[in-house]
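Notes follow once the structure below has been shown.
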């Protein structure tokens, strides 16, 4: 049985190393290994002096001696490889040992695929693989990664934050839905890789034009990635081809509306999303759907399970649950058929994906009455990719994250560079080996129990903060617009004066509450927050000058910042704006209302709920 596979430094059966939090009766809350990772990861590599068992981290964590043993071995490996380093154009010798002893005076680079060590020996890929296994199990993926098993996971530790994960995930989705394939010509002395495109039949002209759907609360990095990758949004296609056919009985919304609109809790409106998706699926467009699991401003969670189960019958009805793609060999005329989905569902779990599994464990064991957010992970067969941020939760000292998909959905590299001895399967190429090292350090020092306590402490403190804000509101006899989405670590309220905003580093944004333009601020109750900090802020908010006087109510309808202006008049204004160093756009004022009236935007840039203008 896979539960009896040896795991951890002492090679006990995996089931014996499992935290009780992950066990409910006879069922498991996490997935066991499908085979021994040490056997899979024992392919030829240049990790001399590394003992693989030292780095396997059971859900109960490692002892202090076990962690010390692993850290000392990794430090010795790094020192040794630095002493003999000659082969790459990298400057060494800067002394950063006061910041992170043993690591910042070298260049730890996990260049290339995390499951192929490569020839750049100053890496921590053995740590990275175990971090990925940790989250694969937590997200109920099949693990460890096996290139021969399409059902196992594949992923990597990001050098940037979740924005990199979103870019990579959408790039992967675009090529997958566009019917692109990479073929390798093995007949040559040096194999050459080629990209090719599946055949398009005359009656299915939209078959390889993916259309993206994301809600108005989606992080701006998604919109940036869509623009960068030239992925069409449903709104862009609608305004070009179907301007008067919106299935929502009105004007096409630039982004999928959130439930209850701008003032709602922040999750996507499921019914409206399904109507929009069906409109395009019926016309043969493959669909790319981005769900949010912890939005930036409101901390909201899309109900991935519910919406996915609503969407699957629609996709099946229109042949998007599975399609047969064909490639023809021009020399032989032989046709190769490959089954692929006509959809891609990406979960942006930058905030919530790393800690919500522990809320579920606590709730299942009666440790809390806080009901967790709906399922979002690989238990749902329609989920194609997930990302999370390490600097948000659990808390890395610099931006990092994790991207994860399934092996059969993995984007193949456009090249296999000999120079690094590893496939170039990641987005960044060179990647921070320190991120993997620090993330490994975190999971080796934080058992499931410890991570659970950290999450519950944050949620309890968020509840405490909400009640304290209500007390302030009552005492100062002024509506400060307190709002907190269920389960969110974020609280939003009326923006206080600039001194308070600066002192507490509060994030601020203005958006419309109906036709009233309001200035909000939000605070996040993350690790590092405590009651003392909260109480100090509350005392500041009680002061007479804490909140500025209300500005006159603005009765207006906000303009779409991303409106595409095509008139000669607006072109002249763009030239004028360019002279003022606004080279990529223009500022539109009230005097322009007549000019833009009737012109429909081609692409909606984010405005509300995401701090992007």
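Points to keep in mind about this one:
- Cα→Cβ-extended label distance, 7 Å offset, between residue 324 and residue 206, nm: 2.3
- Shape of segment 351-470, Cα gyration tensor, a/c cut at 1.5: prolate
- Projected onto its three principal axes, the C-alpha set of segment 479-518 covers 29, 27, 17 Å, listed from the longest axis down.
- When the inverse distances between all different Cα atoms of segment 235-313 are averaged and flipped, the Kirkwood radius reads 13.4 angstrom.
- Taking label positions 7 Å along the Cα-Cβ direction at both residue 517 and residue 364, the computed distance is 4.9 nm, reported to one decimal.
- Volume of the convex hull of segment 211-268 (Cα atoms only), normalised per residue: 77 Å³.
- Evaluating kT/(6 pi eta Rh) at 25 °C and 0.890 mPa s, with the Kirkwood radius of segment 94-166 over Cα pairs in the Stokes-Einstein relation, gives 176 µm² s⁻¹.
- FRET efficiency, 1/(1 + (r/R0)^6) with R0 45 Å, evaluated for residue 241 and residue 147 via beta carbons: 0.65
- With coordinates expressed along the principal axes, the C-alpha atoms belonging to segment 158-309 extend over 63, 43, 27 Å, beginning with the largest.
- Where only C-alpha atoms are counted, convex hull volume of segment 451-541 per residue in Å³: 100
- √(5λ) per eigenvalue of the Cα gyration tensor, segment 276-402, largest first, Å: 35, 18, 13
- For a label point 7 Å along the Cα-to-beta-carbon line of residue 463, residues of segment 473-499 with backbone N under 17 Å: 484-491
- Percentage, to the nearest whole number, of Cα pairs in segment 275-328 over 15 Å apart: 56
- For segment 1-66, the normalised intensity computed at q = 0.15, 0.18 Å⁻¹ comes to -0.52, -0.71 (log10 of I(q)/I(0), Debye sum over alpha carbons, equal scatterers, no solvent).
- Contour excess over end-to-end distance, with Cα ends at residue 306 and residue 4 and 0.36 nm allotted per residue: 105.3 nm
- Label zone at residue 11, where the point sits 7 Å out along the Cα-to-Cβ direction: segment 52-68 residues whose backbone N lies under 11 Å: 53
Read-outs throughout are calculated quantities, based only on the coordinates presented, and are distinct from any laboratory measurement. Owing to the predicted nature of the structure, the values given are computational and were not obtained by experimental measurement. As a convention, Cβ positions derive from the backbone with ideal geometry for all residues, glycine included, and neighbour counts pool all protein chains shown.
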